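Note sheet for the following structure.
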Amino acid sequence: MTLISHWIHGREHSGAPGRTAPVHDPATGRETARVTLADAATVDHAVARASEAAVAWGRASLSARTRVLFAFRHLLATHADELAAVITAEHGKVLSDAAGEVQRGLEVVEFACGMPHLLQGGHSESVSTGVDVHSVRQPLGVVAVISPFNFPAMVPLWFVPVALAAGNAVVLKPSEKDPSAAMVMARLWREAGLPDGVLTVLHGDKEAVDALLTHPDVRAVSFVGSTPVARYVYETATTHGKRVQALGGAKNHMLVLPDADLDLAADAAVSAGFGSAGERCMAISAVVAVEPVADALVAKIAKRMGDLRTGDGRRGCDMGPLVTAEHRDRVLGYVAAGVDAGADLVVDGRLVEPDGDPEGYWLGPTLFDRVRPGMSIHTDEIFGPVLSVLRVASYDEGLALINATPYGNGTAIFTNDGGAARRFEVEVEVGMVGVNVPIPVPMAYYSFGGWKSSLFGDLHAHGADGVRFFTRGKVVTTRWPDPSHGGVDLGFPTQR
Ligand code: NAD
């Protein structure tokens, strides 16, 4: 059985002998490896090595750092298929979807290649007689990135390239459910010329996370995961004096107005509801249909669902398995709860005949109609292939329903009415909004982040916010000796 080790100071490191966790292939149910789980002593050791490496890396020239970024970009592009295969083998998402997440991560690397420009400060000459001011942004030191299972390559790539290009050392703690993608990327960073110690991969669970959140030499934490853990990470790490951005869970609604192109809306609902088996933080899990279109829309969605093939992601299927047996069973619990609560089960994914090993963690695309606010299939983040349709009488009722949810990650409106779309854009309390676009994930040069319980902290991921998050500003006021300005003056400095 393969043991997946940590990556410390540029090489594999098994850590202290101790706890391990199983890694499964979700399409077969077989245990394919075990991953070592870091204890506090291993975290200490890794952060010490990272702190040493951070000093020289933070002072390396911008061109030396960006040269590594450009080399990594090339290596990531040439190893994209290999990385996608590793993702599919541990996460279960179909190969084309895995390749898509590598591509979106690659775009953040390309953004970070422009770091010399992004770090440019300002300069004001003669703010007072003979006095100049300039501003710079400097790296923080060692920063931690803690990522979820659902994007084992893309979510680390939201943060790691930006943090490294800005001159920080990064300790990445990927999900213990699919840890191998992080190891592939660590090797590529080394091959790209990143000095040893500047990137560390530590595997682990709560014990490792807690050690990072409280470690005095970790300056900032970028976390992505479920809302309860995000809230805990934010509270714990800020209490320990760290800068934190903690991205949490989601419940994304798609509002369909009566004038919408219903075929476009149905295509979008199916793609965004069932891609990656619904295990995306930007997945659409609730369609809000403004009457009188609900009957027609539900029929179109159900018809498209009939054409989806669920199965092993390596066999050209549309939708893969869920990540673990426990998670599949949890999602099954929501399907049962929806039936019990009186929602109409239009398509029952429990009856799926998967193209894959019977031991895989299967659940087919599932559609509920006439879901009402308050049912658990509407209030909770299910994170599976379960789409709910809620029927409302008006735009206002739909908007109120969306704004009443505690999450605010993504949303979309489907309409041909520009005025209605503009109203929605202004009025909806959600961080990322699509107009006739179901999964409005911002490009790398914009920032990714939700509102309310979908993000704790002030700054979003990548784009301008990412650069600000991984640097701190300094303003330097300079005067070179000039005899005309001599003399003591106890007054508050003002311009002269
Ligand atoms: P998770 O919260 O279970 O785990 C996320 C990370 O936290 C993992 O590295 C895990 O090891 C660690 N962790 C888990 N429990 C912990 C605890 N009690 N204390 C400290 N650390 C702990 O999330 P997941 O199941 O891996 O990922 C799915 C969740 O992530 C969903 O809720 C999804 O919406 C969310 N997500 C959000 C975004 C976003 O951008 N907002 C993006 C991707 C995923």
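Might you check whether a residue that is out of contact with any strand residue (DSSP E or B) (no Cβ under 6 Å at 6 or more places or on another chain), among the polar types (S, T, N, Q) and not in a helix (DSSP H, G or I) occurs anywhere in the stretch 229-244?
no
Would you point out which residue out of Asp380, Asp465 is farther than 24 Å from Ala163 by Cα and of a type outside the set (A, V, I, L, M, F, W, C)? Working first, answer last.
On the way: Asp465 fails: farther than 24 Å from Ala163 by Cα.
So the residue among Asp380, Asp465 that is farther than 24 Å from Ala163 by Cα and of a type outside the set (A, V, I, L, M, F, W, C) is Asp380.
Across the stretch 20-51, what is the total count of residues that are under 20 Å from Leu212 (Cβ atoms) and either touching a residue at least 24 places away in the same chain (Cβ under 8 Å) or open to solvent by less than 20 Å² (accessible area, probe 1.4 Å) (or both)? Write out each step before concluding.
So in the stretch 20-51, the residues under 20 Å from Leu212 (Cβ atoms) come out as 20-21, 35-51.
Subsequent filtering for residues that are either touching a residue at least 24 places away in the same chain (Cβ under 8 Å) or open to solvent by less than 20 Å² (accessible area, probe 1.4 Å) (or both) retains 21, 35-51.
Selection size over the stretch 20-51: 18.
I need the full set of residues from the stretch 187-221 which are within 18 Å of Ser63 (Cα to Cα), of a type in the set (A, V, I, L, M, F, W, C) and surrounded by fewer than 24 Cβ atoms within 10 Å (Cβ to Cβ), in order please.
Answer for the stretch 187-221, where residues must be within 18 Å of Ser63 (Cα to Cα), of a type in the set (A, V, I, L, M, F, W, C) and surrounded by fewer than 24 Cβ atoms within 10 Å (Cβ to Cβ): Ala192, Leu194.
Would you kindly identify the helices (runs of 4 or more DSSP H) lying entirely within the stretch 341-440 that contain at least 3 residues that are open to solvent by less than 30 Å² (accessible area, probe 1.4 Å)? First the steps, then the outcome.
Working: elements: 376-379, 395-403, 418-427.
In the stretch 341-440, 395-403, 418-427 are the helices (runs of 4 or more DSSP H) which contain 3 or more residues that are open to solvent by less than 30 Å² (accessible area, probe 1.4 Å).
For the stretch 442-458, what are the residues that are open to solvent by 40 Å² or more (accessible area, probe 1.4 Å) and under 28 Å from Leu164 (Cα atoms)?
So the first thing to find is which residues in the stretch 442-458 are open to solvent by 40 Å² or more (accessible area, probe 1.4 Å), and the list is 443, 445-446, 451-452, 458.
Within the stretch 442-458, Met443, Tyr445, Tyr446, Trp451, Asp458 qualify.
How many residues does the stretch 314-330 contain that are in contact with a helix residue (DSSP H, G or I) (Cβ under 8 Å, 6 or more places away or on another chain) and open to solvent by less than 30 Å² (accessible area, probe 1.4 Å)?
Here the count works out to 5.
Exactly one of these conditions fails for Val109: (1) free of Cβ contacts under 8 Å to residues at least 60 places away in the same chain; (2) in a strand (DSSP E or B). Give me its number.
Failing condition for Val109: (2).
Just to check your reading of the model, which residue among Trp480, Trp451 is of a type in the set (Phe, Trp, Tyr) and at pLDDT 95 or above?
Details: Trp480 fails: at pLDDT 95 or above.
Exactly one residue qualifies, and that residue is Trp451.
Considering only the stretch 236-262, state which residues are in contact with a Phe, Trp or Tyr (Cβ under 8 Å, 6 or more places away or on another chain) and farther than 24 Å from Pro152 by Cα.
Once the filter is applied, which keeps residues that are in contact with a Phe, Trp or Tyr (Cβ under 8 Å, 6 or more places away or on another chain) and farther than 24 Å from Pro152 by Cα, the stretch 236-262 yields Met254, Leu255, Val256, Leu257, Ala260, Asp261.
Which residue, of Asn409, Asn436, is at positive phi and touching a strand residue (DSSP E or B) at 6+ places or on another chain (Cβ under 8 Å)? Give the derivation first.
Working: Asn409 fails: at positive phi.
Every option except Asn436 fails the conditions.
Select the helices (runs of 4 or more DSSP H) contained entirely in the stretch 1-105, then report the ones holding at least 3 residues which are in the same structural domain as Asp210 (by TED's automatic domain parsing) and under 30 Å from Thr310 (Cβ atoms).
Numbers: elements: 40-59, 62-78, 80-91.
Ranges flagged: 80-91.
The values are calculated or read from the model by the stated rules, or taken from the named source; none is laboratory data. Treat the numbers as computed from the prediction; the structure is a model and nothing was measured. All Cβ positions, glycine included, derive from the backbone under ideal geometry; neighbour counts span all protein chains shown. SASA here: full protein model, heavy atoms, side chains in, ligands and nucleic acids out. Shrake-Rupley method; radii C 1.70, N 1.55, O 1.52, S 1.80 Å.
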